[in-house]
Amino acid sequence: MDNNQEDTLAIARALEAYYFKGIYDGDVSLLRKVLHQGTLLFGDVKGAPYAKSLEVYLEVVKNRRSPKDSERPFVGTIRSIEVINSIALAKVNVKMYDFNYEEFLSFHKIDNEWMIVNKMMSDTAP
């Protein structure tokens with residue numbers, strides 16, 4: 001098992017620069033830098049099942065009013081990152097609007113870049 005500090009830092013940078021910022025700004029081009037084209041998203045939102053392809057998810061982000069534009073609070077927090085060779089799992093929390101998402105993001109190192117290949121999420125807001 002290899003938990004390389006350099007890889008952990010690269011994943012953390014990708015989460016901050018592309019994932020969290022892309023969600024906050026509603027910037028699909030930033031999200032595409034970290035979400036692999038084959039990424040699938042699963043989970044639940046307000047108790048309802050959630051399953052989307054990457055393209056459907058990005059359309060939602062593109063067409064909603066971003067937290068930045070609505071001047072609403074947004075907090076993205078990295079809880080943990082585990083790296084094993086070319087795969088990794090990041091546990092993150094995203095608070096925005098009336099949602100509190102706990103997320104598991106699966107990463108794979110492709111062409112020397114860490115990319116999210118799967119997103120699982122659950123809204124834990126009351």
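The values are calculated or read from the model by the stated rules, or taken from the named source; none is laboratory data. Not measured: the values here are computed from a predicted model. Because the Cβ atoms are built from the backbone with ideal geometry, glycine has one as well, and the counts that use them run over all protein chains shown.
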Q. Restricted to segment 13-32, and to residues that are surrounded by fewer than 16 Cβ atoms within 10 Å (Cβ to Cβ) and free of Cβ contacts under 8 Å to residues at least 24 places away in the same chain, which residue is farthest from Y97 (Cα to Cα)?
A. R13
Q: For F99, state whether it is touching a residue at least 40 places away in the same chain (Cβ under 8 Å) and loosely packed, with under 15 Cβ neighbours inside 10 Å.
A: yes
(Q) Which of the numbered conditions does F42 fail, given that it passes all the others? Conditions: (1) farther than 30 Å from Q5 by Cα; (2) surrounded by fewer than 16 Cβ atoms within 10 Å (Cβ to Cβ); (3) among the aromatic types (F, W, Y). (A) (1)
**Q.** Selection status of I87, touching a helix residue (DSSP H, G or I) at 6+ places or on another chain (Cβ under 6 Å) and more than 13 Å from F20 (Cα to Cα)
**A.** no
**Q.** Selection count, segment 14-48, where residues are assigned to a helix (DSSP H, G or I) and either of a type outside the set (V, I, T) or closer than 21 Å to T124 by Cα (or both)
**A.** 16
Q: Could you please let me know if K62 is farther than 19 Å from I87 by Cβ, in contact with a helix residue (DSSP H, G or I) (Cβ under 7 Å, 6 or more places away or on another chain) and loosely packed, with under 14 Cβ neighbours inside 10 Å?
A: yes
Q: Could you tell me whether D69 is loosely packed, with under 15 Cβ neighbours inside 10 Å, charged (D, E, K, R) and at pLDDT below 95?
A: no
Q. Could you say whether any residue in segment 73-80 is within 16 Å of L30 (Cβ to Cβ), surrounded by 17 or more Cβ atoms within 10 Å (Cβ to Cβ) and either of a type in the set (F, W, Y) or free of Cβ contacts under 8 Å to residues at least 40 places away in the same chain (or both)?
A. yes
